Each structure stands twice: as structure tokens, then as C-alpha cells.
Amino acid sequence: CSDELFIRPLSLVLSAAVRKGITEAVARAFKDTRVKAVVLCGENGKFCGGADIREFAKAMSGPPLVPMIHAIEAGEKPVVAAIEEMALGGGLELALGCHYRVAHAKARLGLPEVTLGLLPAAGGTQRLPRLTGIPAALDLITTGRHISAQEALKLGIVDRVTEGNAVEAAVELALSVVGRPLAPRRLSNHATPLPADLDGVFEEVLVQVKRRARGAMAPVACAKAVRAAAELPYSRGLECERELMNTLFTSGQARALQYCFFAQRAAGKWSLPNGARWDNSRPRAVHTAGVIGLGTMGRGIAVCLVKAGISVVAVETEEKQLDSGRRAVRGMLERDAKRRGVTAPLHMITFTLSMQQLRDVDLVIEAVFEDMALKKSVFAELSRVCRPNALLCTNTSGLDVDELASVTDRPPLVVGMHFFAPAHVMKLLEVICGPRSSPETVATAMTLGKRLGKVSVAVGNCPGFVGNRMLKLYLDQAHFLLEEGASPEQVDQALEEFGFALGIFKVADLSGLDIGWRVRKAAGLIGPDVDPKFPSRHRQGRRYCPLPDLLCEQGRLGQKSGRGWYLYDSAGGKEARPDPAISSFLQEYRLRYGISARRITEQEVVERCVFVLANEGFRILEDGMAAAPEDIDMVYVFGYGWPRHRGGPMFHAAQVGLATVLQRLEFYHRQNPDIPHLQPSTLLRRLVGARSPPMQQWKQHIRSINSQL
Ligand SMILES: CCC[C@H](O)CC(=O)SCCNC(=O)CCNC(=O)[C@H](O)C(C)(C)COP(=O)([O-])OP(=O)([O-])OC[C@H]1O[C@@H](n2cnc3c(N)ncnc32)[C@H](O)[C@@H]1OP(=O)([O-])[O-]
């Protein structure tokens, strides 16, 4: 506090104590005749991450945000926000209530409330459109995207950007504006600049938000609140903002999205049965990495590594594959660099046919064909070639990581790093901790995932790990529903209505039906013993659906062959159309097996597909293959297109009510006694017996703790 200036540091979030502190300090500064201007800055070089999300679940205490910001804006002394590192959510709304804003060049700004199922309800939906105009405000508020200080300057959100000390720059600005009129700086006084085609702009945004997050309420409410800024005076717009927020605030969607926020952070806090944890195990530094195999997965992994500043040696076995891999990787890097206006870091990757080139790398990620014998030969070779302390990682999507480790000279340095296609886009990384993976190895893989921008989830070593183990049963249900009378488009529509980005049959067509076909062949489910004309509907003591195998035999492999569960314009075509040939194929199939088709409701589709996921999730917890239900949910949200506003299969089961899930599974199992996965898991029964405790307590109900994690 000096004679002319009052500086008040904030902590990261606007908790009740922080709001109280700001309210009192600003009031004092306004009253103190020696103070001519005020600068608001953050603690530890961070301006503000917004309202304290943890407080949302409790009763409101402390001064509310809206009047606090209003008092700042209405003050008779200039208030300048010094934005270092970030101004997000309520933090940006606070800055918008200040008369001037200075940002550090590296700061990020945004209104991410929509990602928490909310809207910027501290005047953000009313002040921002008045400052930037409708289209820019709609974009920021409905997507929640963070923008750079430079973009904020272009949009007029900040007045100055500095490479130096933002607080000093703010002080300088504050002193230079003392005595200037403040009315023009109060955003709530501004008229909202309107685009020529206001209706057209809103219609287009609504189409976009509905496409991006089907069934999500918050983006639609955000657009409505911005519309109020276009059509109503500030105070009425604020009322509309509050009403919309009240609807969202208590919704299941907001609870689910806020759960995801914390679950995502909790997933990084892994621990192993031997006591090793995220906070007591040091990761190794990774400067150079090898990638083996430049198929779809290897290419994406190589791109991720290079983009994270890691030098890559990419290895293929034949010149032709190497060439096409090189072209694809370079193309991806060049397109990305162009989009970001930087030079593509092509010098950071070398392409070779020789494994010998891997001798100096810190870590290798193997991404060859999903074949145990092939992978074993690669790992044995890596043992010979790589330096003794190099980590060996496999991108297998379900094979035994420990079996691979056993052919190496360093089982503790072997770990699974399961990326999801396309690997440079998808956020999930399953880190498979083999029984012999060392804490340092797990820590390195988890930290590397974070550096690559992934959500890393530690999982145990069982067939399919967490994600694909559950996916198999989900897919099985979808196939059984076809046998019983549903069509692929009916199943997909029900799942898309539920919120999945794509229905399961569209996903299967996209991934290629031959992948599962190969896996089933390797598992002995298809083979010489199976009559190709009349395959049995029972294998290995349980119901089996040969429909996808029959489709593959017809050459219907999905999008890539122009035909799968749907019809496409051409091989590689994207637009899925229902195919009358599939409808007759299903009718013939039912006739052949004497199945009378019945009417299947949307409710049955969703319950069977979704509850079976949760049921297997409970088994995964019992088996100790995932440390917590939150981890399972993050696998599904970030790797399998699960609608984020439904929290994840385990959260959804808790929301629906465990007793209901149990009762519905029992019902479907009674109808289908030959589908063992519809039989409720022991843990689900036990939790219902214990009156459905909250998710944090589920672990206490696992009888024999046999954690692999
Ligand atoms: C009236 C309505 C007003 C308003 O419109 C509503 C809002 O503002 S809604 C809010 C709008 N704002 C947002 O949506 C911003 C949400 N936050 C973020 O995007 C990132 O956390 C941030 C960029 C701030 C820092 O990233 P980073 O450096 O990678 O660090 P990190 O991510 O690992 O977080 C570190 C620790 O801080 C915790 N924590 C963080 N933020 C909050 C919070 N707001 N609250 C509570 N806690 C929060 C986080 O859980 C973690 O805790 P722990 O126990 O150590 O695991």
C-alpha cells in the first residue's frame, strides 16, 4: 500500500475468504483518500482460476461475487487487473469488472464455466459481449476455450500485453489513468455491438453446440444468456444470467462435469500396492524416444512425442512402409505447424529401417501389429539393442504386458502405454503397470503422458486392461440386441441420444470390423471347428453372436471397404447410411436360427449397453485392476466418447441409483441367462446391501483387496 496505489494479491481461486479479502480491501482503498488507483494481482504469479468449484457443493458463505465485482466497476478510482498466467472463469469476470486489464504475454484467458456444466454467472455473459461483440463472446462462452494474451488483445479483452512484469505494467497504467473519466470504462454501461444477422448468428451457434455435445444443457444456456446481452439492458440481462445459472447449478449435468474435473486430476495421483505413489516416485527425464512401427498408431505417437519436444527415432521393417510413414508423419507435423503459425520441427525425427539406431534413446514405444509372437521378438531385440537403462513400452491394446517383459533383460523397465487412435488427438493414455514394472518406470510413463497432453490413467495388467475389457461386453450387448430384433441404426440412435458422440456400430465401422475379427480368431472363437454356414450361437459356455464374423466374411469391413454395418458412398466414405441389405441379412439370420424379432425399446438399448459397462467396472475394481471408480470413468470419458456430462459409467450408475442398476441387470439376466455378464457383480450387490454408499466409499466394500495398483 502506497499513498497513491493499493495492490491486493489474490490466491488461485475466489474462495469465500478471498472474496471477503478483496471486498474489504477494495472498500478500504476506495475510502482512503491517499489511494488514487488500485491494482488487483494474483498470488504466486497467477491472477485467478475462477470461483472455488469445491464450494459449489456447500452452502454459500462469504460475500457473493456479483456485487463484489459491481462495487469495483462502480468505484470512483481506477482499478487495473494485472493478469499473470491465467484469468479464468470468475477470474476473468473479475478482470472485466476492473476498468483496465494488463496481461502477461504468456497468460491464458477464458470463461470455461460451460465445461463445468455452468455459465459465467458473475456478469461474464453480459460484460463480454458488450466488449467484444456477439460472435466472439458466443465463441468463448459456449466453447469455454482458453485464449492467449495476444488473442485477448486483438479482441479488446485486455488493454495491454507485456513481456515483462505484468504487475509493474499495471501499476504504470494505473498511475497514468488517474483522473480520467471512468464511465466509459464500465462495461455494464456499454451498448452491445450487434451483428447484422443476429438471428442467423444464434441459429448457427445452436447447431454447432448441439453437434459438439449432444444433450448438454450448459452450452445452450450460455447462448441464451449472450442473447440476453444482445436484447436486454444490462440489469435485465444479469437477471436472465442468474435464472439460467440457477437451472444449471443444481442439474445432474453440472454435478457430472464437476466430478469429471476432479476425477481427471485424481487419476494422476496413482499408487501401487508396494507403497510407490505419484508423490514419492521420481520419473526419469525423457529427451529421446524410439517408436517401432509406423502404422496408424505409431504415426500418431511419433507426432505426439515430437510436438512435446522429444527427439524421435522411428523404425519400420520395410522401405515402403517407412516411406509412407515418413510422408504421413511429416504431413501431420506440417499441418499442425501451419495451423499454429510456427515452423514444423521436422529435424526432431529420423526414420530408419535399423533397430540399431535405437541404441541411445531413453525410451522406446513399440507399436507393431497386435500379435504376441511378433511383439515378443521385437522386445527380445530391443533388449539386445537398447542401453541397459532404457525403458521399453508397449502400445498393446490388451495383450499381457508381463509376458512381454519376460522376454527382456529388464522386466522392471517394461510398462504398457496404450494410446487411442488417432494417438495425436485422443486424450487418453492407459498406463499398464505390470506386476514387475518399477515405480520409476510407472512414474516416467505417467509423467510422459502428461507432457504429451494426455490424461494418463494407471491400470492393471489383465486382458483388454480397463477400457477394452469393458468395451468387449458393451459391443456384445449391441450384437445381441441385433439378434433379438434391433437394427444398427436403432441401437446407435439410442446411444447417441444418451450422449455418445457416435453410436457403437458407427464406431465399429470407423475402426474396421476386421480388428475384432482377428482378435476373435486369435482367441479361438472362430476357426476350423466353426461351421462357416451355420456358426453356433454358443462358444466357451456362453452366448456368442457370430453376426460380425459373418459380415467380415462378406467383405464388409466398415468404412474402409465402403460397407459395414452401414453403407458408405465409397471405400473410405464418411457418411453412414442405413443399408437395406443389412436389414434383410438380419431377417434371414433370425429366420435361420428361429429367433422371433421383438420390439426393443430405447430404454433397453441404453440400459443393457450402459449398465453392463458399469457392472464390468465393479468387477475391475474387485479384481484390483483400477484403483478407483474415477479412473474407470476417465478411461471412458477420454478414450471411448462417453458423454462427459454423464460423468462416466460408474458415476452414471451412482446417479441412476445402484439399487436400480442391480434390479435392471437382474431383470435382463433373467431374460438372458446365457449372458453371464448381465449377472450383477458381487461388488454391486454388496454396495446395494450397504445402502449404496457414496463413490468414495466403494473401495471399503471390496472383500479381498487384491490391488494390482
Ligand atoms: C457465480 C459463478 C462465478 C463463475 O462464473 C463460476 C466459476 O468461476 S467456475 C470456475 C471456472 N474456472 C475453471 O474452470 C478453471 C479450472 N481450473 C483449471 O483449469 C486449472 O486448474 C488451472 C488452469 C487453473 C491450473 O492448472 P494446473 O496448473 O495444471 O493445475 P491443476 O489443474 O492440477 O490444479 C491445481 C489444483 O487446484 C485445484 N483447482 C484448480 N482450479 C480450481 C477451482 N476453480 N476450484 C477449485 N479447485 C481448483 C485443482 O483441483 C488442483 O487441486 P489438487 O488438490 O492439487 O488436485
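Rule-based calculations on the coordinates, nothing more; no lab input. Because the structure is predicted, anything quoted here is derived from the model rather than measured. Glycine also receives a Cβ, built like all others from the backbone with ideal geometry; neighbour counts cover every protein chain displayed.
Each principal axis of the range 565-688 carries a Cα extent, and these read 45, 35, 23 Å when sorted largest first. Annotation: the range 290-365 has a Kirkwood hydrodynamic radius of 12.3 angstrom, from the mean reciprocal C-alpha pair distance. Look at the dipole of the range 338-388 built from charges on Cβ: of Thr343, Ala367, Phe379, the Cα furthest out on the positive end belongs to Thr343.
This model, with +1 at the C-beta of Lys and Arg and -1 at the C-beta of Asp and Glu, gives the chain a dipole about its Cα centre of some 680 debye. Were the residues from Ala581 through Thr350 laid out at 0.36 nm apart, the gain over their Cα-Cα distance would be 78.4 nm.
Assuming charge only on the beta carbon of Lys and Arg (+1) and of Asp and Glu (-1), the dipole of the range 486-592 about its Cα centre is about 460 debye to the nearest 20. Multiplying the residue separation of Ala380 and Tyr593 by 0.36 nm and subtracting their alpha-carbon distance yields 71.9 nm. Computed from the C-beta positions of Ala523 and Glu203 and an R0 of 30 Å, the FRET efficiency is 0.05 to the nearest 0.05. Only Cα sites of the range 162-301 enter the Debye sum here, all with the same form factor; the resulting log10 I(q)/I(0) across q = 0.10, 0.18 1/Å is -0.79, -1.09, listed in q order.
Measuring r between the beta carbons of Lys699 and Glu231 and using R0 = 51 Å, the FRET efficiency lands at 0.50.
I'd like the Kirkwood hydrodynamic radius of the range 486-592, using the inverse of the mean 1/r over distinct C-alpha pairs, in Å. Provide the component values of the computation, followed by the final result.
On the way: mean 1/r = 0.0688 Å⁻¹.
After inverting the mean inverse Cα-Cα distance, the result is 14.5 Å.
Stretching Lys154 away from Glu553 to a fully extended chain increases their span by 137.9 nm, per 0.36 nm per residue minus the current alpha-carbon distance. Projecting the Cα positions of Ala107, Val161, Ala218 onto the charge dipole of the range 89-223 (unit charges on Cβ atoms of Lys, Arg, Asp and Glu, taken about the Cα centre) puts Ala218 furthest along the positive direction.
Placing R0 at 45 angstrom, the Cβ-Cβ distance between Asn44 and Glu243 gives a FRET efficiency of 0.80 after rounding to 0.05. Kirkwood Rh over alpha-carbon pairs of the range 37-144, then Stokes-Einstein at 4 °C and 1.567 mPa s: what D in µm² s⁻¹, rounded to an integer? Rounded to a whole number, D works out at 92 µm²/s. Each Cα pair of the range 670-709 feeds into the Kirkwood radius, which the Stokes-Einstein equation turns, at 37 °C and 0.692 mPa s, into a diffusion coefficient of 279 µm²/s. For the listed peptides 676-684, 320-328, 379-387, a ranking on the average number of other beta carbons within 10 Å per residue, highest first, reads 676-684, 379-387, 320-328.
For the range 288-465, dividing the convex hull volume of the Cα atoms by the residue count gives 95 Å³ per residue.
Overall size of the chain from C-alpha positions, given as principal axis extents largest first: 92, 61, 53 Å.
What fraction, in whole percent, of alpha-carbon pairs in the range 5-249 exceed 31 Å separation? Pairs farther apart than 31 Å: 18 percent.
Roughly what % of DSSP beta bridges within the chain run antiparallel, to the nearest 5? If we restrict to bridges inside the chain, about 20 percent are antiparallel. Remark: spin-label model distance Lys450-Ala74 equals 4.4 nm, labels positioned 7 Å along the Cα→Cβ axis. When each of the peptides 530-537, 147-154, 364-371 is scored by how many other beta carbons lie within 10 Å of its residues on average, the order from highest to lowest is 364-371, 147-154, 530-537.
Reported to two decimal places, what Rg/Rh ratio describes the range 380-500 when computed on Cα atoms with Rh from the Kirkwood expression?
Working: Rg = 17.8 Å, Rh = 16.1 Å.
We get a ratio of 1.11 for the range 380-500.
In the chain, helical runs assigned H by DSSP with n ≥ 4 each contribute -39500 (n - 2.57); averaged across all residues and rounded to the nearest 500, the mean residue ellipticity at 222 nm is -14500 deg cm²/dmol.
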